[in-house]
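Okay, so here's the structure we're looking at.
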Amino acid sequence: MSLDLPFIWAGLIATAVLLYVLLDGFDLGVGILFPFSRSQQDRDVMMNTVAPVWDGNETWLVLGGGGLLAAFPLAYSILMPAFYLPVVLMLTGLILRGVAFEFRFRGLRRGRPFWTAMFALGSILAAFAQGLILGGFIQGVEVAGDRFAGGTWDWFTPYTLLVAVGLVCGYALLGAAWLMWKTTDALHGDARRWAVIAGGLTALFLLVVSVATLVVHPLVAERWGWTEAGLDIARFLPLSVIPLLGLAGLATVAVGVARASHVWPFLGAVLVFLSGYIGLAVGFFPYVVPYAVDFRQGAAPDNALGLMLVGTVAILPLILGYTAWVYWVFRGKVTPEAGYH
């Protein structure tokens with residue numbers, strides 16, 4: 001029995017992107033919340049909560065992007081011209097926050113406010129650009145003859161701006177929930193307040209973006225059972241578990257925040273993102289270039305996919321093991337006295 005290599009690689013890349021969103025999402029969220037912290041000491045603690053893990057979290061972005069290039073070269077050749085500008089904005093933000101991360105701790109004291117601002121700016125820019133890419137992806141990409149046939153600014157629409165702002169709010173929720181998990185005393189209380197605000201905004205944008213998505217693309221609406229004749233209950237009912245999962249996540253966040261829990265708000269935020277991710281997959285699967293090229297049409301030859309899979313099977317457990325080990329070693333609360341710089 002032969003392996004369905006294109007399907008396996010589609011699953012691997014989808015998993016890598018999900019892990020990137022969840023793991024790098026909370027440390028981007030910490031940067032987004034930087035401007036709202038009370039003091040330099042609080043910002044030091046916030047940064048120290050992600051210091052041991054932030055660069056490892058971005059490994060999943062490399063795996064997702066590199067995997068797309070290697071496993072689905074046709075899709076990569078179409079998507080990159082479609083999203084050149086937001087991808088450049090995202091990489092600029094990630095580079096800026098990476099440089100600011102190092103220089104804020106090691107630079108001259110008088111330069112610390114500047115690098116603090118750059119860390120926040122880089123986090124917001126990276127998150128916003130990812131939202132623009134996501135919104136443009138959901139909108140769909142114009143393709144003709146296996147090439148991108150759209151314009152330079154097709155990704156820049158009111159819908160993509162709505163998605164981008166919503167993603168920034170979602171990352172802020174992940175960051176606030178992470179800080180509730182990892183901090184104590186006054187900073188934990190501030191994180192609790194941020195989680196309330198970010199959670200409310202995330203719920204609002206989830207609702208608005210979900211409705212807008214059904215309006216923007218009829219194919220997505222049809223997948224969810226919305227037709228010209230109205231809602232097809234038989235089609236929608238099996239999928240209703242996905243928004244219910246998101247509601248359960250929001251409820252978990254709300255209850256966890258109300259009880260000043262340390263772990264439950266973060267788990268709830270993860271459920272919210274998982275629900276949104278699965279919902280998106282329902283909307284455009286099996287396309288890797290919505291809504292023109294599916295994962296089989298865009299895949300590399302099976303011999304290439306098989307060779308790459310051998311290497312991935314060997315390396316992926318090491319990445320997962322190292323990631324788990326780092327999170328285990330640096331488990332527990334971070335206080336002003338504990339630092340990694």
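Count Lys and Arg as plus one, Asp and Glu as minus one, and take only other residues whose Cβ is under 15 Å from that of H217; the net charge is then -3.
Amide H to amide H distances under 5 Å link V293 with V288, where only residues 5 or more positions off or on other chains count and H is placed in the peptide plane.
Where in the chain are the helices, taken as whole DSSP H runs, whose Cα atoms extend 20 angstrom or more along the long axis and whose Kyte-Doolittle mean reaches at least 1.0?
Sorted by number, the helices that extend far enough and score high enough are 5-33, 84-106, 112-139, 158-182, 185-216, 241-258, 264-284, 302-329.
Classification of the stretch 146-211 by its C-alpha gyration tensor yields a prolate form. The axis ratio a/c (a ≥ b ≥ c) is 1.5 or more, and a/b outweighs b/c. Ranked from largest to smallest solvent-accessible area, with a 1.4 Å probe on the protein heavy atoms, E222, E228 come out as E228, E222. Remark: accessible surface ordering of V289, V270, V196 (largest first) is V196, V270, V289, probe radius 1.4 Å.
Expressed as a whole percent, the proportion of Cα-Cα pairs in the stretch 1-145 lying more than 21 Å apart is 49%. What net charge do the residues around F148 carry, taking every other residue with its C-beta under 12 Å from that of F148, with Lys and Arg at +1 and Asp and Glu at -1? Its environment carries a net charge of -2. Helix-only mean residue ellipticity at 222 nm, the chain, DSSP H runs n ≥ 4 weighted -39,500 (n - 2.57), per residue, nearest 500. What is it? Helix-only estimate at 222 nm: -25500 deg cm²/dmol.
A straight line joining the Cα centroids of the stretch 56-126 and the stretch 210-246 runs 34 Å.
Return the tail of the calculated pair distribution for the stretch 279-326, meaning the percent of Cα-Cα pairs more than 18 Å apart. More than 18 Å apart: 56 percent of the Cα pairs in the stretch 279-326. Once the 1.4 Å probe is applied to the protein heavy atoms, the chain comes out at 48 Å² accessible per residue.
With one equal scatterer per alpha carbon and no solvent term, the Debye-computed log10 I(q)/I(0) for the stretch 219-341 at 0.15 1/Å reads -1.02.
Just checking the listed ones, T227, T184, T59: in the Gaussian network model of the chain with Cα springs under 10 Å, the one fluctuating most is T227.
Ordered from largest to smallest accessible area (heavy atoms of protein chains, 1.4 Å probe), the residues H262, H188 come out as H262, H188.
Among 153-160, 91-98, the peptide with the highest mean count of other Cβ atoms within 10 Å heads the list, and the full ranking is 91-98, 153-160. Relative to one another, the C-alpha centroids of the stretch 308-338 and the stretch 1-53 are positioned 13 Å apart. Divide the volume of the convex hull around the Cα atoms of the chain by the residue count and you get 147 Å³ per residue. Heavy-atom accessible area for K333, with the other protein chains in place and a 1.4 Å probe, reaches approximately 80 Å². Calculate what fraction, in whole %, of the accessible area of the stretch 1-149 sits on carbon and sulfur atoms when a 1.4 Å probe is rolled over the protein chains. Answer for the stretch 1-149: carbon and sulfur cover 68 percent of the accessible area. Ligands, DNA and RNA aside, S77 has an accessible area near 60 Å² when probed at 1.4 Å.
The values are calculated or read from the model by the stated rules, or taken from the named source; none is laboratory data. Computed from a prediction, not measured in an experiment: that's the story for all the values here. Here Cβ is always computed from backbone atoms with ideal geometry, including for glycine, and neighbour counts include all displayed protein chains. Ligands, DNA and RNA are excluded from the accessible area calculation, which covers all protein heavy atoms including side chains. Shrake-Rupley method; radii C 1.70, N 1.55, O 1.52, S 1.80 Å.
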